[in-house]
Amino acid sequence: KEDFAQQQKVLNQQLKEGNFHRVYLLCGNQAYLRLQNRDRVKDALLGDGDEMNVSVYTGMDITAREVIDQAQTLPFFADRRVIILENSVFFSKKASAESDALAAWIPEIPESTSMVFVEESPDKRKKLYKMIQKHGFIHSCENLSPQMLGKWTAGLFRKAGLAVDDAALRLFLDTAGEDMMNIVSESEKLISYCLGQGKVTQEDIRAS
């Protein structure tokens, strides 16, 4: 679990320094972290560039040829074109030929393009995974350690001006579970319930 924190630190540092890769894979079971990092990577890659240089493909309806053609198109008045592929056909079981065609092309990605794959559980046996591992950056957005999750959750309440003690935090996380999307959703309800009283108590958690 420390691996996530270490990887995140490396990624943040690289983005800050403008040390970019031509291909990223953001994967793992925490959708909140995958999407947060997708946006962080996209914003850093774009810099001052226009959103018109971003292409987003979701799901199965895309071929390797279309992605390659898009990747070879020069960005418009900007340094970089960004291609985002979410839950794409290239990591599905049914498109091995398309996936292999894209994998073979990964070393040829032009300097003016970066590709960002966002996948919950990519097949590590695929050539595409191995090529991204070799030529890019893979960040596994898995469950945080209980300590990190607690710290992050307490931060959600703190931003809303609410203190929360350890016992209340434990009770909240026992109720909400480990999924960070769910924690955000449940914390928003609890924050609305507790607004103006300065803290979150165990009674509030049981009542809300």
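Of note:
- Filter result (of a type outside the set (A, V, I, L, M) and touching a Pro at 6+ places or on another chain (Cβ under 9 Å)) within region 50-89: ASP50, ASN53, GLN72, ARG81
- Of note, SER185 does not satisfy the criterion of being open to solvent by 30 Å² or more (accessible area, probe 1.4 Å) and within 20 Å of ARG40 (Cα to Cα).
- Options SER145, SER121: the member that is touching a residue at least 12 places away in the same chain (Cβ under 8 Å) and farther than 20 Å from GLN6 by Cβ: SER121
- Within region 19-34, the residues that satisfy the criterion of being in contact (Cβ under 8 Å) with a residue 12 or more places away in the chain, out of contact with any Gly (no Cβ under 7 Å at 6 or more places or on another chain) and not aliphatic (A, V, I, L, M) are PHE20, CYS27, GLY28, ASN29, GLN30, TYR32.
- Count of residues meeting criterion [open to solvent by 70 Å² or more (accessible area, probe 1.4 Å) and either of a type outside the set (S, T, N, Q) or more than 20 Å from LYS134 (Cα to Cα) (or both)] in region 14-35: 3
- Just one of the listed residues (ALA176, ALA95) is modelled with pLDDT of 95 or more and farther than 23 Å from ASP43 by Cα, namely ALA176.
- Check on ASN19, assigned to a loop (DSSP other than H, G, I, E, B) and at pLDDT 95 or above: yes
- Complete set of residues in region 171-182 that are open to solvent by 60 Å² or more (accessible area, probe 1.4 Å), more than 16 Å from ALA31 (Cβ to Cβ) and in contact with a helix residue (DSSP H, G or I) (Cβ under 8 Å, 6 or more places away or on another chain): THR175
- Close pairs (8 angstrom Cβ cut-off, 6 or more residues apart or separate chains): assigned to a strand (DSSP E or B) in region 56-76, surrounded by fewer than 18 Cβ atoms within 10 Å (Cβ to Cβ) anywhere: VAL56/GLU86; TYR57/GLU86; THR58/GLU86; THR58/ASN87
- Taking region 113-163 as the range and being open to solvent by less than 20 Å² (accessible area, probe 1.4 Å), over 21 Å from VAL41 (Cβ atoms), part of a helix (DSSP H, G or I) and of a type in the set (A, V, I, L, M, F, W, C) as the test, the residues that pass are LEU149, ALA154, PHE157.
- Residue that is at pLDDT below 95, out of contact with any Lys or Arg (no Cβ under 6 Å at 6 or more places or on another chain) and acidic (Asp, Glu), where the choices are ASP48, ASP43: ASP48
- Applying the criterion of being polar (S, T, N, Q) and under 23 Å from the mean Cα position of the chain (by Cα) to the residues of region 82-115, the residue that is farthest from CYS27 (Cα to Cα) is SER112.
- Residue check for LEU45: in contact with a His (Cβ under 9 Å, 6 or more places away or on another chain) and among the aliphatic types (A, V, I, L, M): no
The values are calculated or read from the model by the stated rules, or taken from the named source; none is laboratory data. Please read these numbers as outputs of a predicted model, since none were measured by experiment. So basically every Cβ, Gly included, is an ideal-geometry build from the backbone, and we count neighbours across all protein chains shown. The protein model used for the area step is the full one, side chains on, heavy atoms only, and it has no ligands, DNA or RNA in it. Shrake-Rupley method; radii C 1.70, N 1.55, O 1.52, S 1.80 Å.
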